[in-house]
Structures are given as structure tokens and as C-alpha cells.
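**Student:** What follows is a single structure, and I will ask about it in a moment.
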Amino acid sequence: EPVKVGFAAEPYPPFTSPDASGNWEGWEVDFQKAICAEAKLDCVITPVAWDGIIPALTSKKIDMIIGSMSITEERLKTIDFSDKYYNTPTGVIGPKSETFEATPEGLKGKTIGVQVSTIHQVYAAKYFGENGATVKEYQTQDEANNDLAAGRLDAVQADSIALGAFLQSDQGKECCDLKGMVKDDPTILGAGVGIGIRKGEDELKGKLNAAIKAIRANGTYDTFSKKYFDFNIYGE
Amino acid sequence: MTKPAQAIAVTNLHKRFGPLEVLKGVSLTANEGDVIAIIGGSGSGKSTFLRCINMLELPTSGSVTIHGETIAMKKDGHGGLMPSDRKQVQRLRTQLGMVFQSFNLWQHMTILQNVTEVPIHVLGKSKDEAIATGEALLRRVGLFEKRDAYPAFLSGGQQQRAAIARALAIQPLVMLFDEPTSALDPQLVGEVLTVIGDLAREKRTMILVTHEMKFARNVANHIVFLAEGVIDEQGSPDEIFGNPRSERLKKFISSIH
Amino acid sequence: MTKPAQAIAVTNLHKRFGPLEVLKGVSLTANEGDVIAIIGGSGSGKSTFLRCINMLELPTSGSVTIHGETIAMKKDGHGGLMPSDRKQVQRLRTQLGMVFQSFNLWQHMTILQNVTEVPIHVLGKSKDEAIATGEALLRRVGLFEKRDAYPAFLSGGQQQRAAIARALAIQPLVMLFDEPTSALDPQLVGEVLTVIGDLAREKRTMILVTHEMKFARNVANHIVFLAEGVIDEQGSPDEIFGNPRSERLKKFISSIH
Amino acid sequence: MAITPEDLPTRDSFFKPHRIVLLLILAALVFCIVWFMRWDWLPKYLPRLGYGILITLAMLFSTSILGFLLAVPLGLVQVTGPWPLKTLAKTFCTIVRGTPLLLQLWLLYYGLGSLFPQFPAIRQSFLWPYLRESWPYGVAALTISFAAYEGEVMRGAFAGVPAGELEAARAYGMSRWTVFRRIWLPRAIHRALPTLNGETVLQLKATPLVATITVIDVYSVISKVRQDTYITYEPLLLLALIYMCLTGILVIAFRYLENRIPTRGA
Amino acid sequence: MADPASFINWGLLALEPPGWGGVLLRGLVNSIEIAIGGYTFGLLLGIGGACGKLYGGPITRDLMECYTTIVRAVPELVLILLLYYAGTDALNYVLALAGIGQVDISGLVAGIFVIGVVQGAYTTEVLRGAIKAVPAGQIEAARAYGMSPFKVMTRVTLPAMLPYAIPGLSNLWLIATKDTALLAVVGFSELTLVTRQAAGATKAYLLFFCAAGMLYLMLTLVSDFFIKIIERRARRGFVEQS
Ligand SMILES: Nc1ncnc2c1ncn2[C@@H]1O[C@H](COP(=O)(O)OP(=O)(O)OP(=O)(O)O)[C@@H](O)[C@H]1O
Ligand SMILES: Nc1ncnc2c1ncn2[C@@H]1O[C@H](COP(=O)(O)OP(=O)(O)OP(=O)(O)O)[C@@H](O)[C@H]1O
Ligand SMILES: [Mg+2]
Ligand SMILES: [Mg+2]
């Protein structure tokens, strides 16, 4: 019985991204291969547009989602998650011409962009929004980045990997730099990213959790992570 | 000679449009070969009567019998009637050739296509046969040259002649004419009259609504005078025009210029 | 009494539709108070001639003068003419009341709105005044009860009367009638005749296209017989009907049933 | 059959037996949905939803009215205009209808919009506070798109008015403007109303695209609920209900306009 | 976006991988296929719907009104999620109860079905308006000569209303070609999805969106060419406005 693994059809480099011949590559693809090998699952990749990915899971068109899904209380009421498999620190970037800190005081009076329905939105609303900053919600991270480059935003908060990728692009190199990491709040930022599965599939969940532990222990996880990142993506 | 068979019988026909009762119980019988002219003032319900015969307008009550076959009707739930067997109505309609007051030619077809449409697509004639008959008919009404023109580019009279040809093409047993000569010049009126005379000799029954009293007198063997939704008077042309009895008819006739 | 002023003069009017030359040089003069009837076979170009007078159809060549004012024309670059001053045409048109063969009532307005539209929105009459005049006119043609109905719900004759009322409402100096009685019963024909007679007494010039020879003979003081795009013969009613000279006219007249 | 004003549904005739059955089925359905599904998230998002509906309505009305005002000349010019204008209007309609709305929005907002800040003159002008906002770009893009689709519809409607009625108007000396205002336009609009109705509903459903430029309409509020909670069907059903109510209002309004002039159909 | 030249890397559009040109073209072909399927299905539904609304009894009319109102009102995304996921779920549940095995409805079939259902609702309204614009006498004449309702429809009503319907119908066709984006939700590679994939993977958003825009525009121009031919044929016999 093959297990169908759902990816978001929209690319999210460097985690999942198709090339022109339709091959998927990226960190999460390597992670998925390692997990399936470890847990002895016969995995088939099934890309589904993000809008349909949860119904695809609940109506059994796919069996698990590897799509950088953050674990939150709210979401746990609807679907189940494996243990976290990565968690990245959160940073703030801004235009090169200005200097400020990634703190509530530093961002006071500024307009800060975040992607809607992410842990970053919740964090920004709580720590910056309630302290005099305007929080603007974007459908995708790229749109927020674009608006920062266009001068309509003063800052963007996101996970450091997405920000790093942007700062290395031509557009990002020219306009912006990192202002710093935000102060951690484990209740919001701490749970990390897990594999989404249907509720009640405890056997699969157990296998996945065991596999994550195993590849962390036997070094596979670090081996393929090094291809993409020069820091510890698992977080602590 | 035997008594001619009954072609159309209309019994006690009523028709109302909302609050306006246009026909208040009209009965009429036409035998085979009869030519009946319906005359009357504008708005007296002549067109409506004709349209009720082939169920384009559904009567409020009353019955219509065509060649011995009564159109089966049922209540429509709003105080009116509707045909209970659509197939029957369609079949009987092919025996009623209607020429409309406003021609109603199909604008998306050429004149010849207008004329051959029903023979080919309703009566199941072959295309060649229908075209041959159609062209002959168009020649008869003097429209052969215009056979490939579209109706919108014809003069009023030309359109009316095309409409007559279209009705003739289905070779109906009964022809219903709604003012067939209103847009024709005297020369053409004469031609149409000849055509109608021919049809009468072919034992085709005809009911015509007309404002041309001379025409009615010459061609019809029975005249019906409609006024305010009832048959005010009827009879032979000589009776009606020579010896009108009702006041209204007298007034109507005297006004003929 | 002085010689009456010239109301309309048409000089050497030509009109072709593609390969078909419908009018081949028609000239006509109407003085004030004249009632001119145009007769002729179907398709002989009567409607086209009328439509050229108020520039609904642009003539290929020739000129039109209304009350001494010649409509300024220029070449349109396709071998035809076009008016060089649109304002002038608009102004002159308000002096020409046209009644169309196919009525052309505005379907989105009630009968009364049809009649008051031009007085209010072109002639700048007050609404109350226009409605008063309009209702009087509708009463005159027997349509007062139908003033709030939409054209699609009227009988053919009712639509024609509404169209006449609409043209009368603009109180034009010249009335152009394209078969004003084709859909009317004799009683109404009489009424329209009276109306037209009244208009003639008011020194209103009229040009009418008609197939009703009796009507033409009674109401017109000048008859024009159009055939194959030219004026075949013209003259007083007595000359035309009593003593036709051309062969074609003789044949046309003899065919009157 | 003739449809006269008396035939139109009145309050008494609305509740016919079969309609009551339909309503009962609907009620049962609503009951099942409310009873068996998860709605605990609703109170938390209610204020946002209300705000989103307001934005959606504002977007819909402003853009369809502006768009229609643009569509009338676009349609008219294509039927009767001189050839340069005709070609221009035709090209405009073709390009706008031929490319996805999202792309247009994108080009306006991220393309054009990001050029403005580079000109100090614009930065200084009174327009700048608006140009910095995102909704003007949304309004502009939606208006342009509506105008292009509607221009096409109006072109057909203008061409469909019987020539005789326009001739009659001209024959009585109406100026071109009066013919247009009194006869041509009202006849064309009346004829186009059913299509216009459809296009307006389409416009309603095109408004969510403005979420990509941070204008928060009701659709993006629902998207947020789905992202926050990963509940699929309940928020979508609520969204469907909201859109159905809005559409229902539009349909009734258009039907009313249509029936103001009775037509004789066969 | 300062210097456009620096953003444009034409190599990304090459037909062979790693260029994305071939992928875009395949996406376009897929889109057209779905659009044709959905549009045709919608046209059939629309003809039925318009007839039902105009000539049907009160119950048919009410049901049609519900159909057009609901389907036009509900965003397509909601419809496809409900029909594809919830619908097949329910279907399989019912089949399981009846003891029949699972069926797997392909995303493609479901997508065409949903687009057809949506298009059908709009088509109904367009056709209803156009049919109402046909002079009543034309249809009466057809009935008077004994044509069956079907004949009246195919021989007179439909051809006579075409000139009024074509602008609306051509709008719907263009909408159909773009509505195929819905099928991304069920994982089908049509033009919009592959554009987003190419743009997301390469970050060359402007380039790929414009490329897709050009493809759509070309499709429109080709469609317009055929629509013009059809319209000219349909308008034969109609006096042109001046
Ligand atoms: N727009 C047009 N395009 C092409 N031909 C036309 C057009 N209008 C009229 N014709 C042709 O010109 C000729 C004259 O038409 P017109 O309508 O003037 O005739 P008429 O004398 O008024 O006839 P009737 O008495 O039947 O109304 C006819 O042969 C007609 O087919
Ligand atoms: N569909 C309709 N709805 C409402 N009233 C109508 C309808 N059709 C006809 N009428 C009315 O019914 C009456 C009779 O109309 P009908 O067309 O039968 O008259 P007619 O005798 O043919 O007159 P004409 O000689 O002018 O053609 C008129 O008052 C007309 O306004
Ligand atoms: Mg009549
Ligand atoms: Mg004529």
C-alpha cells in the first residue's frame, strides 16, 4: 500500500521546488526521502495546490503533508501533526538606508509586512502591532518582499531562511539588509514545523516520529541539511 | 353533390388579456372550400380570433375543431386553457397556413430559405423538391429575383408577398390570412386575389381578416362582422353589404370611403 | 391671394443601393398646402424617395430644399453625398413629420411617452403642455385608453394610429406619410382622412405614399406615379385617374379591383 | 405569452406549495450544517468578517459603476465611431479581456506603483498618500477589467437596437446626442440587463484578487480562517452563503430593472 | 524595479528544460482542452437552462433560478472543493454502503464538470437575454406552421438570437480559458499553475507572468478571429447600425 505524500504545488524554495522537467527538489524533498526510507514506507509524491491540500488530506486523496506547516493549537483541533522536523529563527529586514532594531521600540510607527496566517503574523501582531506599529498581511512572502523593495513597507518579518533567500537575490541585495532576530516567544514561535496527518492515524504518526528521531540520531538529517544550510535548521 | 365536409369549427371562444375581455363567445363554422372574411374595427379582436384558431393565443374558454378533430384542452390553473396534447396541436398546425399581419419573416434566412424551411424541416420533403416548389411559388408572387435576399432588405410589399409564399408552401388545408393585402399596391392586390381565388377552387378553406371591403365582397362567400368581441352580424356578402341590419354594421359600412 | 410659397423641392434625385439604381432622377415640387400622393408598384422606390427627403437615406446625387432652404451636401468619398451641416439637417427634420410604413414605435416607452418624447426633448416644450397635447392627439386617434401600454401589446392598427399621433405631435410643416392606412379598417381610414384633410386646411404640406387609390383621389391635389425609378406621369387626380396617358399607368389603374 | 406587470410575483403569489417545499428542504439543510459542523471559530472572526464584507461591497460598487461609465463609450465607439477610436477601443477591450486580471493588478501595483516613488514630484504631490495605499490600484484594475468586458456587451446591445427606431428618432430632428440619450442607450441597456447582471456577479467574484495587494475583503478573511485553523468546509460554506446573499440582492435589483419595461416574448 | 534588463533572463523561456517554455506551452494546451470541454458542457446546460427559464413550468423555473443564482453566486473554488473532495467522499461512502467498490473520479473530469456547471449558469442568463431579444413574431410564425418546440428552438430561436448572444458567449469563452486555473486545486498542470511554479522556482515573476499574459492574449486573438467569422455569419440579414 503506497503512501501518498502531498506537497504544495506552488514552489517554496529552498524547501520544495519543481524544475522545468517536473522533478521536485529541495530540503523537504530530501527529508521526505530519508523519512520514507527510514520508516520503510512506499511513498508517492502528489503535488496539490495549497487551497486544496487540507481537503485532499481529509478525503484521503493524500496521506500526509510535508509542506512547512507550523504546528499550532488551532490547527491541532482539525488535523494531527508529527513531532517537529525543523524550526528556524525569526528575523526582521528593512531598507539599507534606515537603521532600527528588531524590537517593539525600534519598529514603533513603522509599517511591517508579514505573510498571513503564519506564526510571524501572530507574533508581529502581539509584539509590534500592540506597540504602535502597523502590521500588513500579504498572501505570499514574495509579495511582502516586493512591497518592501518598492518602498511601501518599512520592514518585513519572516523566518530567517525566507529572508536570507531574498537578501541574496538581485532585488534584495540592492535594497535591504537584516535588522536582527526577534526575541523568542516559545508559545508562539516554539512548536516548529511538523508533518500533517489525519486525526486518528496514530500508527503512521508513531512511525514518522520514530523515523524523525532515527535520522536525527544517525546523521542522515545533518548530511542533507548541509547541502542547503550552514546552520542548524532543527533549532532547539 | 354531397354536403361539403366541415373544415373548421370554433365554438363559443372567449379570450381575455388580464382585465380586458377581447373575445366574448365567438362561434364560427367553415366548410371545405369556404372563404370567410372577417371584418371589423381596429382592436375588435380579429387578429386575436385568428391566433386562437391555431393556438398561438390560448383561449380562456371554448373549443376549436379542425377537420373533425377537436383540439384537446385542459385547465391551466390560472383560469385559462392549455392544449393537453402538444403533438396534436403541432400536427394540426401544419394544416393551417398562417399569413401574419406583420409578416414575421425569419430574419436570419433568405427569402427562399423562409419558403422552404417548413416543407423541409417539418413536412419532411426532400430539399430539391422543396426548392423547386418554393421557387415556383416565388415566381408566382413575383419575387423570384429576390430569392437570395434577406427580409430586412425588402420593401414592405415584397415582404408581404414572401410571407404569402411561405404559407402557401406548406400546402395547408386551411389558410388563415391576417390582412394579406395591407401593404400591397392595387396591382399586387389583384394578383393576391387571383391566388386566393385559385386556392378557393382547389377546395382550400380560407379565413381572412381584411380591411378591404371590395376584396372581401369579391372573394368571400361568407362575411363575419366582429364588434366588441362578439359576432355582431354574419351572412353572405350581398346580405352584409347590401342589406346590413345592425346599427353598428350600418355605420361601419357607410364609412367606407 | 399671392402665389403659395414653395414648401419642398426635390431636384433630380438619384439613389442606388450597390448595383441597384432605385431612383433615377426624380424631381418634385410641393407648395404650401399641397397634398401630394405618390403611387406606384411595389418596389418602385416610393419609400426610398420619402426617406431621401429627410436624409434617412442619403441620395447618390440631387438636392432637397425645404421651405426655401437647400440642405447643404458634400461628397462622401464613396461616390455618394452626405450632409455638410448636421445641425441644419436636424433643424429641418423637426419640420418634417414622418410616419413609417413599419411604425417604428419606440419599444421601451409607453404610447404616451412615444408621443411626448419629441415635443419635450427636441422642441423643448414643457412636460405638462406636451402631455396635454399628446393626450388630446391620442384621443383624436382613439387611443386614449391605451396611453400607458407598451407598443408590443397593441394591435397593428393601434400601432399605426400611435405612429400617426407621434408624428402629429411635433406639429410639422410638412408631413411625410408612408402608407398611413395600410393597417387600418375603413372606419379608421375615414378618420385618418379627416385628420389629413384638417391638416391640409391648416396649410400643412403633405406627401403621402399610398396604395389606396380612392384615398389618393379624394385627399390629394396632385398625384405622382412612380415606376422603375422615374416619375412616369404626374398631374391632378382627375388627369391621372380619368385620363392616364402612359401605358404603364393605364395598366396600373386598370388593375384596381 | 405576454408578460404584463400583473403577472409579476407579488407577495401573496410568492409562497406557492412547491416553493414551501423548497424552503423546507433548505431549512433542513441549514439545520444539518449548523448542527453537525464546527463553528466555534466564528465569534473570534466576526468583526473581521463584517469589515471584509464592507470592503467587498465598496470594491464591487465603485468598480462596477465606474467600469460601466467607461463601458458605454467603449461599446458605442465600436459600433459607430470613427476608425481610429474604434480600433483603439477594440484593442483596449481585446488586451484587457485577453489577459488575466491578476496580471493586470500585478503590473499596476508592483510595476507602475513602484515607479511612482522614484519621482520626487509625485512624492511631494497631494496624490502621494493615495498612491502609497494599495486600494486605488485594486479599484483601477477592477474598473478597467469590468469596462472591457462590459464594453463588449454594450457593443452587442447597441448594435441590437432595431434600426427603424433610431431612424424614427432621427427623422424627428433629434440630435445625435438626444437619439443616444433617449432612445439608443435606454434600449441597449434594457436589452443588456440580463448579461450585465451576470457580469456584475462575475465582478463580485473577481474582487478577492485584491487580497494579493493587501486589501482585505471578505474572501481573504475566510482564507485566513482556513489557514489559521485548517478547517476546510465550514468557512467555505459561510463564504458561499455570504456571496449568495450578495448575489441574490444583485439579481433582484436587476430583475426589477428588467421588468420595469414589459416585453412580449413567445 | 530599477533596471528591467537585469531581471530578464530570456533563457528561462527556452523550450527545453531547464527553460520553462515547453512547460508553459503544455500548460496552455491543457488549459484549452479543459476550456473546450467545460465550455461545451456549459453551452448545453445553458441552452437547457434558458429554455427551462423561459418556457418551463413554475417549478422548473424556480429550480433554474436557484441553479443560476447559487452557482453564479458561489465562488468556483468553493464549488470545486465541495464537488471534488466532499462529493467524491460522499459518493464513495454511498457506494460502500451499497456494497460496490470505490470509484476514483479524476481531477480532470471533476474540473471539466465544475467549469461546465458554472459556465452553464452564466450561459443560461446570456441566452435568456438573447432569446428575449428575438422578435416574438418570428417564433410565433414557426409555431404557427407546426414546428415542434425542439424545431422552433434549433431552426429559428437559436439562429435568430445568435447576434444578440455572441458578445456574451465570447466573454464566457474567454472566462472559461482563465477559469481553468481552478484545476490547480486538484493538482492539474494548467497554464496558471505552471506559471506560478516557474515564477516561484526562478523568482522571475514579471517575466513569467508577462509570458503567460502573452499566451492568453494570443489565445484571445485567435478566438476573436473565429468569433468574428461566426458573428459575421450570424448577422447576415440584419441591418447594420450607422
Ligand atoms: N437598404 C437597402 N438595401 C438594398 N436594397 C434596398 C434597400 N432598401 C430598399 N431596397 C430595394 O429598393 C427597392 C425600392 O424599395 P422601396 O422600399 O423604396 O419600395 P416601395 O416603392 O416603398 O415598395 P412598397 O410599396 O412595397 O413598400 C426595392 O427593390 C428594395 O428591395
Ligand atoms: N398580447 C396582448 N396583451 C394585451 N392586450 C392585447 C394583446 N394582444 C392584443 N391585445 C389587445 O386586444 C385587442 C384586440 O387586438 P387584435 O390584435 O385582435 O385587434 P384587431 O382586430 O386585429 O385590430 P387591427 O385591425 O388593428 O389589427 C386590442 O385592444 C389589443 O390592444
Ligand atoms: Mg389585427
Ligand atoms: Mg414602401
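The values are calculated or read from the model by the stated rules, or taken from the named source; none is laboratory data. Note that the structure is predicted; figures quoted are calculated from it, not measured. Neighbour counts are summed over all protein chains in view; Cβ atoms, including those assigned to glycine, are modelled from backbone coordinates with ideal geometry. Areas reflect the complete protein model, heavy atoms only, side chains present, ligands, DNA and RNA absent. Shrake-Rupley method; radii C 1.70, N 1.55, O 1.52, S 1.80 Å.
**Student:** Please identify the GluC sites (Glu not before Pro) of the stretch A:26-91 that satisfy two criteria: DSSP loop assignment and at most 11 other Cβ atoms within 10 Å. Which are they?
**Tutor:** Details: sites: A:GLU28, A:GLU38, A:GLU73, A:GLU74; in loops: none.
Sites meeting the loop and neighbour criteria: none at all.
**Student:** Report the GluC sites (Glu not before Pro) located in the stretch B:185-257 that are in a DSSP loop and have at most 13 other Cβ atoms inside 10 Å of their Cβ, or state none. Display every interim value, and only then the final one.
**Tutor:** Values: sites: B:GLU191, B:GLU202, B:GLU212, B:GLU228, B:GLU233, B:GLU239, B:GLU247; in loops: B:GLU202, B:GLU212, B:GLU228.
Answer by residue number: B:GLU202.
**Student:** Could you state how much accessible area A:PHE231 has, in square angstrom rounded to the nearest 10, with a 1.4 Å probe and all protein chains kept in place?
**Tutor:** Taking all protein chains as shown, A:PHE231 has close to 80 Å².
**Student:** Let me ask you something else. Place a point 7 Å from Cα of D:ILE20 in the direction of its Cβ. Which residues in the stretch E:57-99 have their backbone N less than 20 Å from it?
**Tutor:** E:58-63
**Student:** Further question on the same structure: Are there any trypsin sites (Lys or Arg not before Pro) in the stretch A:25-98 that are in a DSSP loop and have at most 12 other Cβ atoms within 10 Å? List them by number.
**Tutor:** Working: sites: A:LYS33, A:LYS40, A:LYS60, A:LYS61, A:ARG75, A:LYS77, A:LYS84, A:LYS96; in loops: A:LYS40, A:LYS60, A:LYS61, A:LYS77, A:LYS96.
In loop regions of the stretch A:25-98 (DSSP not H, G, I, E or B), the sparsely surrounded trypsin sites (Lys or Arg not before Pro) are A:LYS40, A:LYS96.
**Student:** Before anything else, pin down the relative contact order of chain A: Cα pairs under 8 Å, at least 6 apart, normalised by residue count, whole percent. Don't jump to the answer; show the numbers that get you there.
**Tutor:** Numbers: 397 pairs, mean separation 66.4, N = 236.
Normalised by residue count, the contact order of chain A is 28 percent.
**Student:** Taking only Cα atoms and a 10 Å spring cutoff, compute GNM fluctuations for chain A and point out the largest among A:ALA39, A:ALA20, A:ALA191.
**Tutor:** Highest fluctuation of the listed residues: A:ALA20.
**Student:** Something else now. Hey, with R₀ at 51 Å, roughly what FRET efficiency would A:LYS96 and D:LEU257 work out to, going by the Cβ-Cβ distance, to 0.05? Mind dumping the intermediate values first?
**Tutor:** Numbers: r = 56 Å, r/R0 = 1.11.
It comes out at approximately 0.35.
**Student:** Sticking with this one: In deg cm²/dmol and to the nearest 500, what is the mean residue ellipticity at 222 nm of the protein assembly as shown if only DSSP H runs of at least 4 residues count, each as -39500 (n - 2.57), divided by the residue total?
**Tutor:** Values: 48 runs with 620 residues, N = 1258.
So the helix-based figure for the protein assembly as shown works out to -15500 deg cm²/dmol.
**Student:** Also: Among the helices of chain D (complete DSSP H runs), which have Cα atoms covering no less than 18 Å along the helix axis and a Kyte-Doolittle mean of at least 0.0? Working shown, then result.
**Tutor:** On the way: long enough: D:17-36 (29 Å, 2.33); D:42-80 (55 Å, 1.39); D:83-98 (21 Å, 0.38); D:135-160 (37 Å, 0.59); D:185-206 (28 Å, 0.07); D:233-259 (37 Å, 1.38).
Flagged H segments are D:17-36, D:42-80, D:83-98, D:135-160, D:185-206, D:233-259.
**Student:** Something else: Calculate, in nm to one decimal, what B:LYS74 and B:THR29 gain on full extension: separation in residues at 0.36 nm each, minus their alpha carbon distance.
**Tutor:** Numbers: separation 45, 0.36 × 45 = 16.20 nm, distance 2.23 nm.
Using 0.36 nm per residue and subtracting the Cα-Cα distance, I get 14.0 nm.
**Student:** How many nm is it between the label spots at A:PHE231 and A:LYS173, if each spot is 7 Å from the Cα in line with the beta carbon?
**Tutor:** 2.1
**Student:** Karplus couplings for the stretch C:14-27 from phi (6.51 cos²θ - 1.76 cosθ + 1.60, θ = phi - 60°), rounded to Hz, Gly and Pro as x?
**Tutor:** So the J values, rounded to whole Hz, are 10, 8, 10, 9, x, x, 8, 8, 8, 10, 10, x, 10, 10.
**Student:** Can you pull the accessible area of B:HIS121 for me, 1.4 Å probe, Å² to the nearest 10?
**Tutor:** 60
**Student:** Got the relative contact order for the stretch E:30-189 handy, in percent, Cα pairs under 8 Å and 6 or more residues apart? Could the numbers behind the result be given before it?
**Tutor:** Working: 168 pairs, mean separation 62.2, N = 160.
Rounded, it is 39 percent for the stretch E:30-189.
**Student:** Buried accessible area between C and B (1.4 Å probe, both chains summed, ligands and nucleic acids excluded), in Å² to the nearest 100? Working shown, then result.
**Tutor:** On the way: alone 12380 and 12360 Å², together 22420 Å².
So the total buried area for this chain pair works out to about 2300 Å².
**Student:** Using the beta-carbon distance between D:ILE249 and E:LYS228 and R0 = 45 Å, what value does 1/(1 + (r/R0)^6) give for FRET efficiency, to the nearest 0.05? Kindly include the intermediate steps, with their values, before the conclusion.
**Tutor:** On the way: r = 37 Å, r/R0 = 0.81.
E between D:ILE249 and E:LYS228, to the nearest 0.05, is 0.75.
**Student:** Only residues of the stretch A:11-31 count here: report those whose backbone N is under 17 Å from the spot 7 Å along Cα→Cβ of A:PHE224, or say none.
**Tutor:** Flagged as within label range: A:12-19, A:23-31.
**Student:** Right, another one. Go ahead and set up a Gaussian network model of chain D, Cα springs under 10 Å, then flag whichever of D:LEU26, D:LEU49, D:LEU246 fluctuates most.
**Tutor:** Per the Cα network of chain D with a 10 Å cutoff, D:LEU26 tops the list.
**Student:** Would you mind classifying the stretch E:84-230 by shape? Square roots of the alpha carbon gyration tensor eigenvalues, ordered a ≥ b ≥ c; an a/c under 1.5 is rounded, otherwise it is prolate if a/b is larger than b/c and oblate if not.
**Tutor:** Numbers: a/c = 4.03, a/b = 1.34, b/c = 3.00.
In terms of gyration-tensor shape, oblate.
**Student:** Work out which trypsin sites (Lys or Arg not before Pro) in chain D are exposed loop sites (DSSP not H, G, I, E or B, at most 14 other Cβ within 10 Å) and give the longest gap free of them. If you can, show how the numbers build up before the last one.
**Tutor:** Details: sites that count: D:ARG38, D:ARG260.
That would be D:39-259.
**Student:** Moving on. Interface size between chain D and chain A, please: total buried accessible area, 1.4 Å probe, rounded to the nearest 100 Å². Write out the running numbers ahead of the final one.
**Tutor:** Values: alone 16910 and 11800 Å², together 26300 Å².
For chain D against chain A, roughly 2400 Å² becomes buried.
**Student:** Let me ask you something else. Pull up the cross-link candidates among the aspartates and glutamates for B:LYS125, meaning alpha carbon to alpha carbon under 15 Å and not fewer than 8 places away within one chain.
**Tutor:** B:LYS125 reaches B:GLU117, B:GLU135.
**Student:** Among D:SER64, D:SER175, D:SER114, which one shows the biggest mean-square fluctuation in a GNM of chain D, springs joining Cα atoms closer than 10 Å?
**Tutor:** Residue with maximal mean-square fluctuation among D:SER64, D:SER175, D:SER114: D:SER175.
**Student:** Is the C-alpha gyration tensor of chain B telling us rounded, prolate or oblate? Criteria: a/c under 1.5 is rounded; beyond that, a/b larger than b/c is prolate, otherwise oblate. Working shown, then result.
**Tutor:** Working: a/c = 1.63, a/b = 1.23, b/c = 1.33.
Oblate, because a/c is 1.5 or more while a/b does not exceed b/c.
**Student:** By DSSP, what percent of the beta bridges with both residues in the protein assembly as shown are antiparallel, rounded to the nearest 5? Walk me through the intermediate numbers first.
**Tutor:** Working: 69 of 120 bridges.
The answer is about 60 percent antiparallel.
**Student:** Quick one: pull the percent of accessible area on the protein assembly as shown belonging to carbon and sulfur, 1.4 Å probe, ligands and nucleic acids left out. Don't skip to the end; give the middle numbers.
**Tutor:** On the way: 30850 of 51400 Å².
Within the protein assembly as shown, the accessible surface is 60 percent carbon and sulfur.
**Student:** Let me ask something else. Per residue, how much accessible area does the protein assembly as shown have with a 1.4 Å probe, in Å²?
**Tutor:** Values: 51400 Å² over 1258 residues.
I get 41 Å² per residue for the protein assembly as shown.
**Student:** Percent antiparallel among DSSP beta bridges with both residues in chain C, to the nearest 5? Write out the running numbers ahead of the final one.
**Tutor:** Working: 24 of 42 bridges.
In chain C, approximately 55 percent of DSSP beta bridges are antiparallel ones.
**Student:** So which residues in the stretch A:55-80 end up with at least 30 square angstrom less accessible surface once the other protein chains are there, compared with the chain by itself, probe 1.4 angstrom?
**Tutor:** Listed by number, the residues meeting the 30 Å² cut-off are A:PRO55, A:SER59, A:LYS61, A:GLU74, A:ARG75, A:LYS77, A:THR78.
**Student:** Rounded, prolate or oblate: which fits the stretch B:6-48, taking a ≥ b ≥ c as square roots of the Cα gyration tensor eigenvalues, rounded meaning a/c under 1.5, else prolate when a/b beats b/c? Intermediate results must be reported in sequence, preceding the final value.
**Tutor:** On the way: a/c = 3.71, a/b = 1.72, b/c = 2.16.
Judged from the Cα gyration tensor, the stretch B:6-48 comes out oblate (a/c at least 1.5, b/c at or above a/b).
**Student:** Given the pairs C:LYS46/C:LYS214; C:LYS127/C:LYS203; A:LYS110/A:LYS179; A:LYS96/A:LYS136; A:LYS4/A:LYS33; B:LYS46/B:LYS250, which are separated by over 24 angstrom at their Cα positions? Don't skip to the end; give the middle numbers.
**Tutor:** Details: C:LYS46/C:LYS214 18 Å; C:LYS127/C:LYS203 27 Å; A:LYS110/A:LYS179 14 Å; A:LYS96/A:LYS136 20 Å; A:LYS4/A:LYS33 12 Å; B:LYS46/B:LYS250 19 Å.
Pairs exceeding the cut-off: C:LYS127/C:LYS203.
**Student:** Using a probe radius of 1.4 Å on protein heavy atoms only, what is the accessible area buried between chains D and E, both sides summed, to the nearest 100 Å²?
**Tutor:** 5000
**Student:** With a length cut of 18 Å (Cα positions projected on each helix's long axis) and a Kyte-Doolittle mean of at least -0.5, go through chain E and give me the DSSP H helices that pass.
**Tutor:** Going by DSSP H runs, the hits are E:21-55, E:58-73, E:107-133, E:158-179, E:205-234.
**Student:** Using a 1.4 Å probe and ignoring any ligands, DNA or RNA, find the accessible area of C:THR94 and quote it in Å² to the nearest 10.
**Tutor:** 30
**Student:** Taking R0 as 45 Å, what's the FRET efficiency between C:THR11 and B:SER255 from their Cβ-Cβ distance, rounded to 0.05? Mind showing how you got there, number by number?
**Tutor:** Details: r = 40 Å, r/R0 = 0.89.
Here the calculated transfer efficiency is 0.65.
**Student:** What percent do you get for the relative contact order of the stretch C:6-255 when only Cα pairs under 8 Å and 6+ apart count? Can you show the working numbers first?
**Tutor:** Details: 452 pairs, mean separation 64.5, N = 250.
The value is 26 percent.
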